[in-house]
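Only one structure is covered here, and it is reproduced in the block below.
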Amino acid sequence: MSEQNHLSAGDRVPDAVFKTRHNDDWLDISTAEIFAGKTVVVFALPGAFTPTCSSTHLPGYMALAGQLKAAGVDEIYCLSVNDSFVMNAWAKDQRVEDEVLMIPDGNGAFSKGMGLLVDKRDLGFGLRSWRYSMLVRDGVIEKIFVEDFATPGDPFEVSDAATMLNAINSAKAQSA
Ligand code: BEZ
């Protein structure tokens, strides 16, 4: 895969409804609920329990969550094309509390609307999210860091928590 058209800064995030499980009940959460009126960081990855996602991507955001929130981020969302049972089990395994909230994009509708749903059938994964991060203010993408489509495999160079924190703090310093 060499390139892919996807949403970019200035675009509004797509509408979607996420099916989540809370205390043995289903709870629908809409994009309006998670984005409206908030400054949000989303990081999206190819799969719960996969090696880089578990060893580095998610733990990096957990470790820097306090600094991201101190920099003005209201919520941090981890999105994957997995169902809510899997996302909840992964959160438990990783000892995530409420510093990062898990978003199960099980049908891939949000990822498809972002233009970042990719074919991972070669790995038996079906369709999954490409790895990226974005800062979203009131539903509009302000910054987005999308891993390079030309790099083979599962690149992880720009969607990490430190890159996002540096970008937010640099923008704040420039506007001060
Ligand atoms: C990883 O996070 O390391 C990974 C993700 C998708 C496929 C294979 C590995």
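The values are calculated or read from the model by the stated rules, or taken from the named source; none is laboratory data. Since this is a predicted model, take the numbers as computed values, not measurements. Cβ: placed from backbone, ideal geometry, glycine included. Neighbour counts: every protein chain shown.
Worth a mention:
- Residue match in segment 60-68 (condition: part of a strand (DSSP E or B) and of a type outside the set (Gly, Ala, Ser)): no
- Options Ala176, Ala109: the member that is surrounded by 14 or more Cβ atoms within 10 Å (Cβ to Cβ), among the small types (Gly, Ala, Ser) and more than 13 Å from the ligand (Cβ to nearest atom): Ala109
- If you go through segment 41-63 and pick out every residue that is more than 7 Å from the ligand (Cβ to nearest atom), surrounded by fewer than 21 Cβ atoms within 10 Å (Cβ to Cβ) and of a type outside the set (Gly, Ala, Ser), you end up with 4.
- Scoring Asp93 on the criteria (1) surrounded by 14 or more Cβ atoms within 10 Å (Cβ to Cβ); (2) of a type outside the set (S, T, N, Q); (3) within 16 Å of the ligand (Cβ to nearest atom) leaves a single failure, condition (1).
- Some residue of segment 70-86 being modelled with pLDDT of 95 or more, in contact with a strand residue (DSSP E or B) (Cβ under 7 Å, 6 or more places away or on another chain), farther than 24 Å from Gly153 by Cβ and of a type in the set (S, T, N, Q): yes
- Restricting Asp15, Asp25 to those that are touching a Ser or Thr at 6+ places or on another chain (Cβ under 7 Å) and surrounded by fewer than 18 Cβ atoms within 10 Å (Cβ to Cβ) reduces the list to Asp15.
- Top-ranked residue of segment 118-162 - restricted to ones that are more than 24 Å from Gln67 (Cβ to Cβ) and hydroxyl-bearing (Ser, Thr, Tyr), ranked as nearest to the ligand (Cβ to nearest atom): Ser129
Yes or no, residue by residue, for (1) buried (at least 18 other Cβ atoms within 10 Å of the Cβ); (2) farther than 17 Å from Ala63 by Cα; (3) charged (D, E, K, R):
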| position | (1), (2), (3) |
| --- | --- |
| Glu75 | yes, no, yes |
| Asn82 | yes, yes, no |
| Val86 | no, yes, no |
| Asp119 | no, yes, yes |
| Arg131 | yes, yes, yes |
| Val146 | yes, yes, no |
| Pro155 | no, yes, no |
| Ala161 | yes, no, no |
| Ile168 | yes, no, no |
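- Unique match (being on the phi < 0 side of the Ramachandran plot and touching a helix residue (DSSP H, G or I) at 6+ places or on another chain (Cβ under 9 Å)) among Asn107, Asn5, Asn88, Asn82: Asn82
- Some residue of segment 13-22 being within 16 Å of the ligand (Cβ to nearest atom), not basic (Lys, Arg) and not in a loop (DSSP other than H, G, I, E, B): no
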